[in-house]
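A short worksheet on the structure shown next.
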Ligand SMILES: Cc1cc2nc3c(=O)[nH]c(=O)nc-3n(C[C@H](O)[C@H](O)[C@H](O)COP(=O)(O)O)c2cc1C
């Protein structure tokens, strides 16, 4: 019986290149502090998880300073950005202290910011946080959700932004 060959070391550049072949949508996690400060973070790692109970998830970098502030809040909103919101995405993915300034929004029933023009939003309460290597996986229990329009979502692919175009049927 021969022992299985050890797994090859994964080259980081190769990892990024191959995983960049998988497109994602772009979401903004938002919350509002008791003093009215708005906290936000751009994530591409958002996904639906479970219907019973209704759960969604995203992964955050353990080193993210945005998450360090967001994690103090048990409730948050996931805003699905539209293709027209690339500039908002770039602004909110920056490290500017007041990056949310000028982003028009309203508050959800749970007090979380819903960004105007987002194609959909999902208000959540934190369900769990689990280990995921240099990231953590955050599960949210869905409290409320809605669609805000029929715009196309913003997509992220091979390090760049784009939009969905239907595959040809012929
Ligand atoms: C399109 C896109 C997707 C991103 N997805 C994630 C993600 O899923 N998880 C994560 O931790 N950071 C992600 N980031 C980076 C965060 O938005 C990061 O917080 C931001 O760049 C600022 O860093 P800071 O949190 O240390 O302030 C993404 C950035 C962009 C532009």
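Is it the case, given these coordinates, that residue 24 is surrounded by fewer than 18 Cβ atoms within 10 Å (Cβ to Cβ), within 17 Å of residue 137 (Cα to Cα) and modelled with pLDDT of 95 or more?
yes
Check whether at least one residue in region 52-59 is in contact (Cβ under 8 Å) with a residue 12 or more places away in the chain and closer than 16 Å to residue 104 by Cα, and report yes or no.
No, because not a single residue in region 52-59 is in contact (Cβ under 8 Å) with a residue 12 or more places away in the chain and closer than 16 Å to residue 104 by Cα.
Provide a single number: the residues in region 99-115 that are part of a loop (DSSP other than H, G, I, E, B) and more than 16 Å from residue 41 (Cα to Cα).
4
For region 106-130, how many residues meet the condition of being free of Cβ contacts under 8 Å to residues at least 60 places away in the same chain and closer than 19 Å to residue 50 by Cβ?
Looking only at that region, the number is 8.
Pairs please, first residue from region 91-102 and without any contact (Cβ under 8 Å) to a residue 60 or more places away in the chain, second anywhere and buried (at least 17 other Cβ atoms within 10 Å of the Cβ) and part of a loop (DSSP other than H, G, I, E, B), Cβ atoms under 7 Å, 6+ apart in sequence or on different chains.
From residues that are without any contact (Cβ under 8 Å) to a residue 60 or more places away in the chain, the pairs are 91/99.
Quick check, is residue 129 in contact with a strand residue (DSSP E or B) (Cβ under 9 Å, 6 or more places away or on another chain), modelled with pLDDT of 95 or more and assigned to a helix (DSSP H, G or I)? Before the answer, list the steps.
Numbers: in contact with a strand residue (DSSP E or B) (Cβ under 9 Å, 6 or more places away or on another chain): yes; modelled with pLDDT of 95 or more: yes; assigned to a helix (DSSP H, G or I): no.
So residue 129 does not fit the description; no.
Looking only at region 79-98, which residues are assigned to a loop (DSSP other than H, G, I, E, B) and buried (at least 20 other Cβ atoms within 10 Å of the Cβ)?
Pass one, region 79-98, residues assigned to a loop (DSSP other than H, G, I, E, B): 81, 93-98.
81 - this is the single residue of region 79-98 that is assigned to a loop (DSSP other than H, G, I, E, B) and buried (at least 20 other Cβ atoms within 10 Å of the Cβ).
Quick check: is even one residue across region 158-165 surrounded by fewer than 17 Cβ atoms within 10 Å (Cβ to Cβ) and away from the ligand (no atom under 16 Å from the Cβ)? Steps first, answer last, please.
We begin by selecting, within region 158-165, every residue surrounded by fewer than 17 Cβ atoms within 10 Å (Cβ to Cβ); these are 158-165.
Going one step further and asking which of them are away from the ligand (no atom under 16 Å from the Cβ), we end up with 165.
Yes, that holds for at least one residue.
Can you name every residue in region 115-125 that is surrounded by fewer than 21 Cβ atoms within 10 Å (Cβ to Cβ) and away from the ligand (no atom under 16 Å from the Cβ)? Don't jump to the end; show me each part of the working.
The initial filter retains those residues of region 115-125 that are surrounded by fewer than 21 Cβ atoms within 10 Å (Cβ to Cβ), namely 116-117, 119-120, 125.
Across region 115-125, the qualifying residues are 116, 117, 120, 125.
Looking at region 1-78, what strands (runs of 3 or more DSSP E) fall wholly within it and have at least 1 residues that are touching a helix residue (DSSP H, G or I) at 6+ places or on another chain (Cβ under 8 Å), within 16 Å of the ligand (Cβ to nearest atom) and under 15 Å from residue 99 (Cα atoms)?
27-32, 38-43
The values are calculated or read from the model by the stated rules, or taken from the named source; none is laboratory data. As the structure is a computational prediction, the values presented were derived from the model and not from experiment. For neighbour counting, all protein chains shown are included, and Cβ atoms are generated from backbone atoms with ideal geometry for every residue, glycine included.
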